[in-house]
Amino acid sequence: MEDLLVFKNISKSFNKINVLIDCSLRVKTGDLIHIKGTNGSGKSTLLKILSGLLESDNGLIEFHKDVNIGALIENPEFAEYSTIKENLVFLAKLKNNYNSTKIENLCNIFNLDFNDNKFIKNFSVGMKQKLGIIQAIMEDQNLIFLDEPTRGLDDSSINAFEDYINQLISNKKCAVIIASHDMIDGLKYSHYYTLKNGILNEVQD
């Protein structure tokens, strides 16, 4: 299995308060990694740094040359006065990777109507969350960061999410990092970490 991501000694502080302290991790194809931490523990900050949305204060981040990142971090945001189709088509075409069949299939899996004419502003938190998951996986991304992905989802949607992620990982061509307060029981994790007081530690079985 290949390394998709290696980061070493990542640190970040805000207003002189240390949020991340010398965090290091190696991520290989086939990895499904869980990072557990409470609110304010730095989970979202770490994923933002890895996604290029935020700069670390120091440390090294190395990606595989063919890495394709997908991310859902904090609350997903979309064009509120547009439809599901308009939003997802726009996002997919940014990378010239629009596959209507795949996107419609993902919408079906998560019980969304790809051709629904309602504006996103009228959607529930759970519906927006499902859209956030879809945009993070719809372009064959091979390194996926998901921050509290089951927030607002009902049981059937959580089951669909678990099944899809497990299937995605089983092909050993991608890796997924999930940061959340609690375990998502139906996922087949390969590694477990805690993030507490800025320190990232692996939890041994």
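Read the figures in this text as sums done on the coordinates, not as results from a lab. The structure presented is a predicted model; accordingly, all values stated were derived computationally and were not measured. Positions of Cβ are generated from backbone atoms using ideal geometry, with glycine treated the same way; all protein chains shown enter the neighbour counts.
Panel values: segment 121-180, Kirkwood radius from alpha carbon pairs, Stokes-Einstein at 25 °C and 0.890 mPa s, translational diffusion coefficient 204 µm²/s. One Cα centroid belongs to segment 83-144, the other to segment 20-61; the line between them spans 25 Å. Based on DSSP H segments of at least four residues, each scored -39500 (n - 2.57), the chain has a per-residue ellipticity at 222 nm of -9000 deg cm²/dmol. Amide H contacts under 5 Å for residue 175: 30, 143, 144, restricted to partners 5 or more places along the chain or on a different chain, H placed in the peptide plane at 1.01 Å from N.
Among rounded, prolate and oblate, which fits segment 32-98 when a ≥ b ≥ c are the square roots of the eigenvalues of its C-alpha gyration tensor, a/c under 1.5 means rounded, and a/b larger than b/c means prolate? Here segment 32-98 falls in the oblate category. Once the Cβ-Cβ distance of residue 182 and residue 81 is raised to the sixth power relative to R0 = 25 Å, the FRET efficiency obtained is 0.15. Residue 79: net charge of surrounding residues, Cβ under 14 Å, Lys/Arg +1, Asp/Glu -1, itself excluded? Charge balance near residue 79 sits at +2. Go ahead and run the numbers for FRET between residue 13 and residue 164, Cβ-Cβ distance against an R0 of 35 Å, rounding to 0.05. Efficiency for this residue pair is about 0.45. Among the trypsin sites (Lys or Arg not before Pro) within segment 80-136, those in coil by DSSP and having at most 11 neighbouring Cβ atoms inside 10 Å are 95, 118.
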